[in-house]
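Here's the structure we're looking at; comments come further down.
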Amino acid sequence: MRHIISILLENEPGALSRVVGLFAQRGYNIETLTVAPTEDETLSRLTMTTHGDDRKIEQITKQLNKLIEVVKLVDLSEGQHIERELMLIKVKAVGAQRAEIKRTADIFRGQIVDVSPSVYTIQLTGATDKLEAFIEAIGTAQVLETVRTGVSGISRGEKVLSI
Amino acid sequence: MELLSGGDMLVRALHEAGVEYIYGYPGGSLLHVYDAVYKQSAVKHVLVRHEQAAAHMADGYARATGKPGVVMVTSGPGATNTVTGIATAFTDSIPMVVISGQVMSHLVGDDAFQETDMLGVSRPIVKHSFSVRRPEEIPELVAKAFYIASTGRPGPVVIDIPKDMTMPNERYEYSYPKKVKLRSYTPPQRGHSGQIKKAVELLLKAKRPVIYAGGGVIIDGSSDKLRALVDRLDFPCTQTLMGLGCYPGTGDRSLGMLGMHGTYEANMAMHNADVILAVGARFDDRVTNATNKFCPDAKIVHIDIDPSSISKTIMVDVPIVGPVGNVLEEMMALLDEAGETPDADAIASWWKQINEWRPRHAMRYEKNDNGLMKPQEVIEAMWKATNGDAFVTSDVGQHQMFAAQYYKFDKPNRWINSGGLGTMGFGFPAAMGVKMNFPDHDVVCVTGEGSIQMNIQEMSTCLQYGIPVKILCLNNGSLGMVRQWQDMNYEGRHSNSYMESLPDFVALAEAYGHVGIQVKSRDELPQALEDALVKYKDRLVFLDVAVDPEEHVYPMQVPMGSMRDMWLSKTERT
């Protein structure tokens with residue numbers, strides 16, 4: 001099962017390499033990874049998605065918690081949460097396709113953020129499956145380049161991950 | 001407030017952290033620090049002959065004293081030479097602080113002379129690591145390093161110090177923190193009361209219980225508490241390779257070691273148990289054998305300070321995260337409160353069963369008629385000669401297993417070996433670290449002619465500092481454990497397990513300024529041991545003892561089997 005693990009990490013050099021190194025060292029798989037500073041400049045927020053059965057995920061979270069620089073950690077998939085990913089996608093757009101692609105982008109609430117005579121660059125946000133559905137709708141043959149941020153997530157309701 | 005250079009701050013901070021000895025080797029990036037070492041006398045430095053040995057010395061010191069061992073090495077090769085020593089300490093949860101020099105900050109990343117990314121190289125094998133970025137933070141980082149290394153599940157911590165952090169002419173305010181607090185690191189102080197209560201209820205209902213005790217008991221200094229619980233409940237207690245001595249090896253309730261080369265009765269008791277209390281042990285693959293066949297009837301209680309050790313390889317029924325000592329104390333208190341005792345009839349019939357198992361193998365081995373000794377009898381003789389009270393270190397292989405099986409450790413911290421990583425070359429420097437801190441005790445390194453050559457250069461260090469350890473080399477002219485596996489699994493094809501052209505160890509010991517004694521047959525051994533321990537009490541003695549190369553270590557668990565599937569001799573299987 002896919003899990004979204006969200007971590008408050010000391011904003012220090014080398015902290016990220018410990019998290020990533022742990023995954024490599026113990027043979028865990030990272031599917032997506034995103035990391036950026038928070039409103040508290042001493043902390044970074046790191047979100048990663050990984051696959052595994054309950055026992056494996058339990059080991060992953062325990063091992064992560066052992067890292068001195070991991071301040072707090074939550075498996076967002078254990079509760080109600082919101083997840084988002086941002087994608088910039090460059091697609092071929094010529095002739096009749098231009099209107100079709102524009103329509104599809106509108107349906108997915110994407111925005112065309114750059115235009116050239118034969119190419120549209122579209123920005124799209126949403127959960128991973130929505131981004132994948134968009135690529136499928138456009139058709140992979142049309143796609144020139146995709147750039148995705150990886151999943152960010154946050155719990156629903158009052159629950160917060162903070163110190 | 002006093003003004004000190006970075007180098008002086010480092011040495012002062014080490015002193016304030018309680019350091020008596022630094023084991024190390026100087027080099028370019030640490031010259032300022034070594035000058036600071038020279039200018040004081042509170043912290044003594046021991047100059048090794050190879051940096052790996054410095055790490056093992058610090059490790060031996062830590063295992064015998066319970067205090068963090070300290071290593072100091074220069075950048076690049078100095079630092080990378082400690083890697084095996086750091087990994088050894090990491091795997092066995094040994095507190096250690098490693099100070100590694102680094103090139104000047106402005107050269108970092110330029111592939112400068114003797115530059116290695118030590119933090120990167122050591123990252124998977126440390127509990128934590130720091131890089132010094134401002135000289136004034138040195139005291140705080142030292143305090144943090146010792147706190148992290150020695151609390152919770154202990155482990156090695158590296159502090160990487162670029163040379164420009166230690167400039168003699170740049171002085172800063174020195175202040176050593178009285179207390180260390182890290183918001184992201186809070187080792188557990190006590191176990192969960194509800195879980196402990198559940199565990200006690202389970203123990204009281206047990207009919208075929210076993211207490212499976214590991215190195216965590218020794219690390220926590222809780223051997224007395226374990227002993228009290230075992231004796232109070234009248235339960236059998238088996239120890240892991242790392243746990244030997246946490247319950248007296250000669251005690252009636254001891255089943256000896258369990259696992260791959262454990263005793264028949266320990267492995268049988270585990271397999272047939274209905275309740276297992278695992279204390280500071282981690283269900284290592286050398287204990288469990290095939291995990292899917294592990295102890296089919298047992299409910300398992302597991303006490304460990306590291307949550308990630310729990311249900312990692314074996315799912316347990318009652319996990320308790322906490323320091324062993326505190327949890328055992330609470331268990332005793334609950335037993336007092338409940339005033340109940342386990343089912344006496346059930347426990348008596350369980351003991352009857354165990355006592356029927358005991359004679360089946362009873363650590364038997366056959367002696368040769370021609371005087372060529374079996375390794376087992378050498379260990380037994382050494383046990384007698386040292387009254388079972390020596391610090392014994394070992395390297396890795398057959399001799400290690402024989403020492404673990406035949407030297408009955410009655411006290412904790414006396415058996416010092418690389419159990420987790422299995423590092424050849426560990427035993428001798430570890431023995432040196434022990435001897436320097438226990439000068440009045442016998443310290444014996446049980447080794448083989450293979451392992452000893454991995455750090456034999458330290459005989460020179462021993463002469464310089466007067467470290468009279470005893471080296472008991474079980475010389476069978478081959479890499480015994482490799483050879484055993486080749487006998488058992490490769491139809492006796494001894495690929496590269498025979499050591500040709502061995503040095504004359506006696507002459508070698510003498511060349512280093514020590515005493516060498518060769519022992520070729522059984523009748524020479526008692527005198528040789530007495531000479532080593534009494535006549536040459538204050539000298540390093542290298543005992544080169546010829547032993548039978550054909551001998552195998554038994555019992556030996558059958559690969560992929562359950563705990564009870566064992567070879568008991570070359571021909572007898574359970």
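The values are calculated or read from the model by the stated rules, or taken from the named source; none is laboratory data. This one's a predicted model, so the numbers in the text were calculated from it and none came from an experiment. All Cβ positions, glycine included, derive from the backbone under ideal geometry; neighbour counts span all protein chains shown.
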| field | Complete set of residues in region B:118-171 that are over 23 Å from the mean Cα position of the chain (by Cα), basic (Lys, Arg) and farther than 15 Å from A:Pro13 by Cα | value | B:Lys144, B:Lys163, B:Arg171
| In the list B:Gly7, B:Gly85, B:Gly109, which residue meets the criterion of being closer than 22 Å to B:Asp395 by Cβ and either of a type outside the set (Ser, Thr, Tyr) or not in a helix (DSSP H, G or I) (or both)? | B:Gly85
| note | Across region A:26-78, the tally of residues that are closer than 25 Å to B:Pro188 by Cβ, touching a Leu at 6+ places or on another chain (Cβ under 8 Å) and either modelled with pLDDT under 95 or not in a strand (DSSP E or B) (or both) stands at 8
| Which one is nearest to B:Gly433 (Cα to Cα), of the residues in region B:42-61 that are touching a Ser or Thr at 6+ places or on another chain (Cβ under 8 Å) and surrounded by fewer than 24 Cβ atoms within 10 Å (Cβ to Cβ)? | B:Val46
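Residue by residue through region B:313-324, note down the ones that are more than 14 Å from chain A (Cβ to nearest Cβ) and among the aliphatic types (A, V, I, L, M).
Quick first cut of region B:313-324, residues more than 14 Å from chain A (Cβ to nearest Cβ) only: B:317-318, B:320, B:322-324.
Those that are more than 14 Å from chain A (Cβ to nearest Cβ) and among the aliphatic types (A, V, I, L, M): B:Val318, B:Ile320, B:Val324.
Kindly establish whether B:Lys181 is at negative phi and modelled with pLDDT under 95. It would help to see each step written out before you state the result.
Details: at negative phi: yes; modelled with pLDDT under 95: yes.
The answer is yes for B:Lys181.
Collect the residues in region B:175-192 that are touching a residue at least 12 places away in the same chain (Cβ under 8 Å) and among the hydroxyl-bearing types (Ser, Thr, Tyr), keeping them in residue-number order.
B:Ser175, B:Tyr176, B:Tyr185
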| said: I need the full set of residues from region B:528-538 which are touching a residue at least 40 places away in the same chain (Cβ under 8 Å) and surrounded by 17 or more Cβ atoms within 10 Å (Cβ to Cβ), in order please. | reply: B:Leu529, B:Ala532, B:Leu533
| said: Which of the strands (runs of 3 or more DSSP E) found entirely inside region A:102-150 contain at least 1 residues meeting this: of a type in the set (Phe, Trp, Tyr)? | reply: A:119-126
| request: Keeping to region A:69-97, report how many residues are surrounded by 20 or more Cβ atoms within 10 Å (Cβ to Cβ), within 14 Å of another protein chain (Cβ to nearest Cβ) and aliphatic (A, V, I, L, M). | output: 2
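So in region B:298-312, with the set limited to residues that are part of a loop (DSSP other than H, G, I, E, B) and more than 10 Å from chain A (Cβ to nearest Cβ), which one is farthest from A:Lys62 (Cα to Cα)? Before you say what the answer is, go through the steps one by one.
Residues of region B:298-312 that are part of a loop (DSSP other than H, G, I, E, B), as a first pass: B:298, B:305-306, B:310-312.
Those still in the list that are more than 10 Å from chain A (Cβ to nearest Cβ) too: B:298, B:305.
Working: B:Ala298: 25, B:Ile305: 12 Å.
Only one residue tops the list, namely B:Ala298.
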| note | In region B:128-181, anything more than 14 Å from chain A (Cβ to nearest Cβ) and basic (Lys, Arg) is listed as B:Lys163, B:Arg171, B:Lys178, B:Lys179
| field | Subset of region B:161-182 [touching a strand residue (DSSP E or B) at 6+ places or on another chain (Cβ under 6 Å) and among the basic types (Lys, Arg)] | value | B:Arg171
| request: Collect the residues in region B:531-548 that are over 26 Å from the mean Cα position of the chain (by Cα) and in a loop (DSSP other than H, G, I, E, B), keeping them in residue-number order. | output: B:Tyr536, B:Asp548
| task | Go through region B:513-565 and count every residue that is within 19 Å of B:Gly480 (Cβ to Cβ) and among the β-branched types (Val, Ile, Thr). | result | 4
| request: Could you please find all residues in region B:278-294 being basic (Lys, Arg) and within 16 Å of the chain's Cα centre (by Cα)? | output: B:Arg282, B:Arg286
| message | I'd like to verify a number: residues in region B:112-146 that are outside any helix (DSSP H, G or I), surrounded by 22 or more Cβ atoms within 10 Å (Cβ to Cβ) and of a type in the set (Gly, Ala, Ser), how many? | response | 1
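Yes/no matrix, rows are residues, columns are (1) within 27 Å of B:Thr238 (Cα to Cα); (2) in a loop (DSSP other than H, G, I, E, B):
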residue	(1), (2)
B:Phe428	no, no
B:Met432	no, no
B:Gln453	no, no
B:Gln457	no, no
B:Ser460	no, no
B:Ile471	no, no
B:Val482	yes, no
B:Ser495	no, yes
